[in-house]
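Asker: Mind having a look at this structure? Questions to follow.
The values are calculated or read from the model by the stated rules, or taken from the named source; none is laboratory data. A quick note: this is a predicted structure, and the numbers were derived from the prediction, not measured. Cβ: placed from backbone, ideal geometry, glycine included. Neighbour counts: every protein chain shown. Each accessible area value is taken on the protein alone, full model and side chains, heavy atoms only, with ligands, DNA and RNA left out. Shrake-Rupley method; radii C 1.70, N 1.55, O 1.52, S 1.80 Å.
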Amino acid sequence: MTHTPVAVGMADGADRLTLAEELLQLMDADGAAAGERARRLLADEDGDEAAVVARRVLGLSLRFSDNTRACAELRGGVRLALRLRLPVRAAQVRTSLLVQLSHQGRTQSALREAALAEAELDTGRNELDLARLKVNLGLVLQRLGRAGEALECYAFAEPVLLRHADVRWQIIMLNLRGTLLAYQGRSDSATADLRRAISLAESGGLNTVLITLRQNLGFALLRSGRIPEALEQISQALSLAEALDGRLISALSDRADALLAAGLAAEALENAERAIVGQVESGRAYDAAESRLIAARAALEAGELDRASEFASQARAEFTRQRRYTWTTWAWQVELAARFAGGERTPELLRELTRCVTRLERAGWLYTPLRTRLLAARTAVALGRKAQAERLYAQIAAERFAGLATLRIVAWEAESELRLLRGDRVGAARAVTRGLKVLAEFAGTLGATDLRAAAASLGTDLAASGLRLCLDGGSARSLLVRAEQWRAASLRRAPVRPAQSGRLAERLAELRAVTAQVTEDGLSGKDIRPLNRERIRLEEEIRELARHAPGSPVAPESPLNLRVLGEVLGDRALVEYVRLEDELHAVVSADGRFTRHRIGSYQSVLGELDSLRFAMGRIAAQHGNSALLGAAQAIYRHARVELDRILLDPVRGRIGGSERELVLVPTGSLHALAWAALPTMEGRVLTIAPSARSWLAAERVPERPGPVSLAHGPGLPQAEAEIKALAQLYPDAEPLHGANASAEAVAKSWDGARLAHLAAHGRFRKDNPLFSNLELADGPLTVYDLESLGRAPRVLILSACDSALSGIHPGDELMGVASALLAQGSKTLIASVAPIGDEHTRALMSRLHLELGRGSRPAHALAAAQAAHPEAPAFICLGSG
């Protein structure tokens, strides 16, 4: 659409009105420019019909940045129109004003403006203006929870807008109706409306309105459980907003909602809080109330109960002031859920939960009533009200066969608890299995590693129920099968690359360059704050791009086959640790028998583990004087003995002496334990695996020919000598040194290698494990880079500190360098879970490769190397030994 501007200050009345009308049309393409030109028009003359239209334009241009001023400008336009006896113009400005009032939460004032506008319009002569008014009135009504009346408004407006070929208002109507249908769970109709609106907006070049349309399409896709697509649409909205006018705030709120649905509660809370700040600053109290509700839900899922209650209370007060009573009920529900999570089980809470369920269902919410009824049922059980609990459970369980995966997971939880309440343990166990199968199917719709790992949290209650059933009278065999059903499932599926994988690769290359520059400038004393801001921006974009990849359907996994496990183990013993809350147990498979052993308190293990890791770090760095180093040695000796006693004494009689090879499956923070440091493990061949299933899968990776890759990164004085020495053992290898050891070159040399060895600085990113990395000549090689390998090295040795560490999510879902390589098909990975001095690492590596050259399997080679160099116990053998 083109506009021929009239020179402001030289126009007569007719030209001024034409220009003002043009500015109104320009609003959706460039709101800021339209607003500025409206100001200039008003500076020239502020008392004619053109000024009425210009004030409307100016008010609309301020609607995202300063809602209070926007309302003031629009009210000024209404007053001027009435003074000039232009009732239709007054109605047109009121049509815009009522929306801005609703943004402030002043819904009753908005309804009054709508009534006044409608009274000023004649149905016959002003049917188009009336249709536009009905569209905006529909928005206010749906915000008040009066969905039926809102849909009537849209039904009135649609044929009129089509008849007049009013594309702009068709887009607005489709946007509002699509959002309303999404709230009602009518996903297909919602996405159809919104995609049609997007097509119209793109054809008309209405880029500004595309921001809201893509946000709302993301919302509709989220309500249908299509999380990657939802995140992609919201990301596009954010990109458009940043390019056009920086209006990111409402999209941050939608992204928080999507992240919460994916199980990323902490990240969702961060986005919601950023949205609240911006919405409050811009006077959008309506949106701020909803963002506070999202923040409350996110804080609840993150276990921050006080903050959840505070956010929910604030949201409830704001919704009440805005007379949005359906939303008030949802905020109340979060307050009640926080009380339940805090341990309250009282008749008062039960009464409030049951009342809340009724109100939530009346309001038309989907997921929330089901979850609230489950809390009520559990409260009734705690109070001994069995009959009431059974009724509540049965109502929830009726939803287990159809609908969104998140709803069906809750319904299967209820079915399991109902069966258990009736004494049907077999039926309860079967319900757990069915529910976890639904969870696996849902995780299969997600392509990104972090989304899959986070999705496991949706099955926490189900998995705990299954473990509790096994621990309360079940066999060791059933406990192992049940533990394996939920454990580290995402590692058995390689991540899916997004459609924009070329763009992802570009951003990763940019991140390497920026990170390398940060290091260089930091060493020279330059201000690195701008570079760090760019690094953070790139990391956010990379994370978002990866999350847009949809999953790929796979056949459901069969239960762990214990017969096959026993056959493959042979003379080896397997110890799998299982945790239920603070209870730590172990299942041992040895000599064809399965036994269960109680280990003790998980928290007591964590205390000793922290002490061990602290001492190993100080000893490796040689940090402090002789007294401090002596104290560190004492802490190390004490912690290793205590951990040995707690973790291995209960199973000692089953695992035999040091001559017997072990396969260990840790849980939780035990994945970060340097197992070779424990006295029982001295001289023992030991393999660590994320799960028994992943160990079996690694055992089945075939031996294959391929090249040997040797490389080293910068900043390690001993690394070049280490790689040159290894090159004598592998004459067919072409070592990568200096600038040649770039991220791209190293990754390419790994692809399909039978053996790869890298000496480099390793960094585990606790804040975001997928940015854990290995430092190479041109910057960091991150987990995102590793996930693009066509075929990971069959055996990979990382002579790098902390390279075996992983971020740990519920279900022992691991995220880090080591877990990424195992997911990509590496059979064996030798890496470190703690710092080790360079001289000790080099000596260990030399002996390790000497053993490998003699034909030893990796786990045997590592055990022999650590027996010769016990000062380097931080290295573990992961995957298959």
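Asker: Restricting to segment 479-503, what's the tally of residues that are in a helix (DSSP H, G or I) and either open to solvent by less than 40 Å² (accessible area, probe 1.4 Å) or closer than 24 Å to Ile688 by Cβ (or both)?
Answerer: Number of matching residues: 12.
Asker: Given the criterion open to solvent by less than 20 Å² (accessible area, probe 1.4 Å), of a type outside the set (Ser, Thr, Tyr), under 16 Å from Thr329 (Cα atoms) and modelled with pLDDT of 90 or more, identify the matching residue among Ala380, Ala376.
Answerer: Ala376
Asker: Taking the condition of being among the acidic types (Asp, Glu) and either crowded, with 22+ Cβ neighbours inside 10 Å or closer than 21 Å to Asp812 by Cβ (or both), how many residues in segment 673-714 meet it?
Answerer: So the count comes out to 1.
Asker: State whether the residues of segment 210-219 include one that is part of a helix (DSSP H, G or I), open to solvent by 20 Å² or more (accessible area, probe 1.4 Å) and either farther than 16 Å from Asp257 by Cβ or in contact with a Pro (Cβ under 6 Å, 6 or more places away or on another chain) (or both).
Answerer: Within segment 210-219, not a single residue is part of a helix (DSSP H, G or I), open to solvent by 20 Å² or more (accessible area, probe 1.4 Å) and either farther than 16 Å from Asp257 by Cβ or in contact with a Pro (Cβ under 6 Å, 6 or more places away or on another chain) (or both).
Asker: Now for a separate question. Can you name the residue in segment 268-292 that is basic (Lys, Arg) and assigned to a helix (DSSP H, G or I) and, of all such residues, is most open to solvent (accessible area, probe 1.4 Å)?
Answerer: Here the answer is Arg274.
Asker: List the residue pairs whose Cβ atoms are under 6 Å apart, where the first residue sits in segment 410-436 and is within 18 Å of Leu392 (Cα to Cα) and of a type in the set (A, V, I, L, M), the second is part of a loop (DSSP other than H, G, I, E, B) and open to solvent by 50 Å² or more (accessible area, probe 1.4 Å), and the two are 6 or more positions apart or on different chains.
Answerer: Final answer for the pair search is Ala411/Glu399.
Asker: Let me ask something else. May I ask you to list pairs of residues, at least six apart or on different chains, whose Cβ atoms are under 6 Å apart, with the first in segment 333-357 being outside any helix (DSSP H, G or I) and the second being crowded, with 18+ Cβ neighbours inside 10 Å?
Answerer: Arg345/Thr379
Asker: If you don't mind, there's one more thing I want to ask. Looking at Met27, Met1 in this structure, which one is touching a Gly at 6+ places or on another chain (Cβ under 9 Å), open to solvent by less than 40 Å² (accessible area, probe 1.4 Å), more than 20 Å from Leu130 (Cβ to Cβ) and modelled with pLDDT under 90?
Answerer: Answer to the check: Met27.
Asker: So which of Gly145, Gly185, Gly124 is at pLDDT below 90, outside any helix (DSSP H, G or I) and under 21 Å from Ala289 (Cβ atoms)?
Answerer: Gly145
Asker: Which of the residues that make up segment 584-619 are open to solvent by 30 Å² or more (accessible area, probe 1.4 Å) and assigned to a helix (DSSP H, G or I)?
Answerer: Gln603, Ser604, Leu606, Gly607, Glu608, Asp610, Ser611, Arg613, Phe614, Arg618, Ile619
Asker: Might you check whether a residue that is in a helix (DSSP H, G or I) and open to solvent by 30 Å² or more (accessible area, probe 1.4 Å) occurs anywhere in segment 442-453?
Answerer: Scanning segment 442-453 turns up no residue that is in a helix (DSSP H, G or I) and open to solvent by 30 Å² or more (accessible area, probe 1.4 Å).
Asker: While we're on this one: Determine whether Glu581 is surrounded by fewer than 19 Cβ atoms within 10 Å (Cβ to Cβ), of a type outside the set (Gly, Ala, Ser), closer than 30 Å to Arg652 by Cα and modelled with pLDDT under 95.
Answerer: It is true that Glu581 is surrounded by fewer than 19 Cβ atoms within 10 Å (Cβ to Cβ), of a type outside the set (Gly, Ala, Ser), closer than 30 Å to Arg652 by Cα and modelled with pLDDT under 95.
Asker: Would you confirm, using the coordinates I've provided, whether Ala165 is of a type in the set (Gly, Ala, Ser), free of Cβ contacts under 8 Å to residues at least 12 places away in the same chain, part of a helix (DSSP H, G or I) and open to solvent by 60 Å² or more (accessible area, probe 1.4 Å)?
Answerer: Taking the combined requirement at face value, the residue does not satisfy it.
Asker: Turning to a different aspect of this structure: Of everything in segment 95-138 that's among the acidic types (Asp, Glu) and open to solvent by less than 40 Å² (accessible area, probe 1.4 Å), which residue is farthest from the chain's Cα centre (by Cα)?
Answerer: Among residues in segment 95-138 that are among the acidic types (Asp, Glu) and open to solvent by less than 40 Å² (accessible area, probe 1.4 Å), the one farthest from the chain's Cα centre (by Cα) is Asp129.
Asker: Select from segment 4-24 the residues that are out of contact with any Pro (no Cβ under 8 Å at 6 or more places or on another chain), at pLDDT 60 or above, surrounded by fewer than 21 Cβ atoms within 10 Å (Cβ to Cβ) and under 21 Å from Gly204 (Cβ atoms) and list them in ascending order.
Answerer: Listed by number, the residues that qualify are Thr18, Glu21, Leu24.
Asker: Looking only at segment 817-868, count how many residues are in contact with a Pro (Cβ under 9 Å, 6 or more places away or on another chain), outside any helix (DSSP H, G or I) and open to solvent by less than 20 Å² (accessible area, probe 1.4 Å).
Answerer: Going through segment 817-868 one residue at a time, the tally reaches 7.
Asker: For segment 738-764, name all the residues that are within 30 Å of Glu270 (Cβ to Cβ) and surrounded by fewer than 20 Cβ atoms within 10 Å (Cβ to Cβ).
Answerer: Once the filter is applied, which keeps residues that are within 30 Å of Glu270 (Cβ to Cβ) and surrounded by fewer than 20 Cβ atoms within 10 Å (Cβ to Cβ), segment 738-764 yields His761, Arg763.
Asker: Here's a follow-up. Looking at segment 220-267, which of the residues that are free of Cβ contacts under 8 Å to residues at least 40 places away in the same chain and acidic (Asp, Glu) is most open to solvent (accessible area, probe 1.4 Å)?
Answerer: Glu242
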